[in-house]
1. If amide H atoms are built 1.01 Å from N in the plane of the peptide, which residues on other chains or at least 5 residues away come under 5 Å of the amide H of Val190?
2. Treating each Cα of the stretch 1-60 as an identical point scatterer and ignoring solvent, apply the Debye formula and state log10 I(q)/I(0) at q = 0.25, 0.26 Å⁻¹.
3. Hey, in the GNM for the chain with a 10 angstrom Cα cutoff, which one of Ala313, Ala74, Ala189 fluctuates hardest?
4. Could you quote the convex hull projected area for the stretch 203-292, Cα atoms only and averaged over all directions, in nm²?
5. From Cα pairs below 8 angstrom and at least 6 apart in sequence, can you work out the relative contact order of the stretch 224-329, rounded to a whole percent?
6. For the pair Leu70/Leu148, report the inter-label distance in nm, with labels modelled 7 Å from Cα in the Cβ direction.
7. Calculate the all-directions average of the projected area of the stretch 16-153's alpha-carbon convex hull, and give it in nm².
8. Can you tell me the accessible area per residue over the chain, all protein chains present, probe 1.4 angstrom, in square angstrom?
Amino acid sequence: MDQKHIVHVFHGFRVGGSEVRTCQIINGLGDRYRHTIVALDGDFTAAALIDKQDSVTLLHAPGFAERSFLANAAVSRRWLERLRPDLLIAYSWGGFEWLVGNSVRKVCPDVFSIEGFITDEADVELPKRRIVRRIFAGRCTRLHACSLRLQTLALTSWKVRRDNVVYIPNGIDLERFSPRSTPSRTSPAVLGIVASLSSVKNHLLLLDAFRRLPLGAAELYVVGDGPERSRLAAQAADYGVAAHIKLIGHQTEPAPLLRTFDVFCLSSRSEQMPIAVLEAMATALPIVSTDVGDVRQMVCEGNRRFVVPPNDAPAFAAAIAELVADARLRSLLGSQNRRRCEEEFGFPLMLRRHKDLYDRCMGA
């Protein structure tokens with residue numbers, strides 16, 4: 001069988017939304033494709049989620065220099081000429097130099113998969129990067145946007161032609177993230193967040209909101225790891241709520257923990273279409289979130305009033321407090337969120353859309 005070769009380029013392939021989704025797609029595509037995953041920083045932590053390791057090559061691709069964009073684009077070109085893939089997929093800014101390297105006399109068709117922005121662009125797009133994206137993003141075979149916000153950005157800020165932009169929302173395994181069989185508890189309610197402990201996830205906002213709740217009304221489970229862990233622990237102690245917070249660390253399989261939550265919280269400064277929110281919705285949880293990315297459009301209509309402005313701790317605390325006090329409302333919103341996932345965000349639909357995108361690009 002003639003296998004199609006797809007090269008995926010990330011800055012780092014650590015466990016995160018786009019990396020987890022890529023592993024799931026690789027698992028779902030089967031033996032017709034083989035894959036090379038490039039992690040420019042050499043971190044391949046997420047590769048453990050790939051079922052058939054023999055179908056995937058992990059490539060550090062040395063030779064890249066810090067802050068030398070054009071030189072890195074030239075190195076990328078040489079790697080592409082060596083690999084000769086059938087399709088290049090570059091993820092966000094971390095892989096953009098490979099798109100530039102492929103922009104003149106293309107080695108292969110290419111997809112710019114825009115996933116969101118890291119900390120330095122969490123609040124506003126950097127002007128120099130916007131110019132570079134405007135010059136090169138439209139030269140890609142296709143631009144894939146995982147959120148409506150990113151689709152709009154590509155069309156308006158980067159001036160990509162509408163027929164070159166493909167919006168594919170994230171999807172999840174609905175059986176894996178099934179709801180728990182027991183009713184939501186009354187007190188203390190368990191609040192939970194599943195996210196890397198990085199500044200863009202803004203766990204400090206969640207701690208600030210949590211300390212405003214009546215003491216003992218709720219517990220907070222923080223699932224994830226990262227550079228902000230020690231700072232969060234210190235802040236929880238300063239607020240006097242450390243005894244009611246559990247820093248659980250990274251979990252490869254979050255589904256069982258989600259079934260112990262009563263309310264899912266997301267306090268991020270920047271998101272696009274967070275998979276963690278979809279997983280919580282599939283688990284039939286109500287969502288309290290900052291109004292970032294597509295979260296307001298993702299959740300069921302009744303849940304949208306619990307999507308509050310970013311960096312507003314009193315509003316975040318008020319939204320949590322209402323749900324903590326009303327188990328029936330939690331159950332109602334949770335079941336509606338689950339139904340919305342079943343209708344719009346199932347994994348088979350997402351996989352089929354990605355496969356169609358890849359095949360169309362390689363056919364072109």
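1. Close amide H contacts, sequence-distant or interchain: Glu219, Asp262, Val263.
2. So the normalised log intensities are -1.02, -1.10.
3. Ala74
4. On the way: hull surface 23.7 nm².
Result: a mean projected hull area of 5.9 nm².
5. Working: 109 pairs, mean separation 21.1, N = 106.
Relative contact order of the stretch 224-329: 20 percent.
6. Label-label distance for Leu70 and Leu148, simple model: 4.1 nm.
7. On the way: hull surface 34.1 nm².
Projected area, direction-averaged: 8.5 nm².
8. On the way: 15770 Å² over 364 residues.
I get 43 Å² per residue for this part.
The values are calculated or read from the model by the stated rules, or taken from the named source; none is laboratory data. Every value quoted in this text rests on a predicted model; they were computed, and no experiment measured them. Reconstructed Cβ throughout: ideal geometry from the backbone, glycine too, with neighbour counts over all protein chains shown. When the accessible area is computed, the model is the full protein with side chains, heavy atoms only, and any ligands, DNA or RNA have been set aside. Shrake-Rupley method; radii C 1.70, N 1.55, O 1.52, S 1.80 Å.
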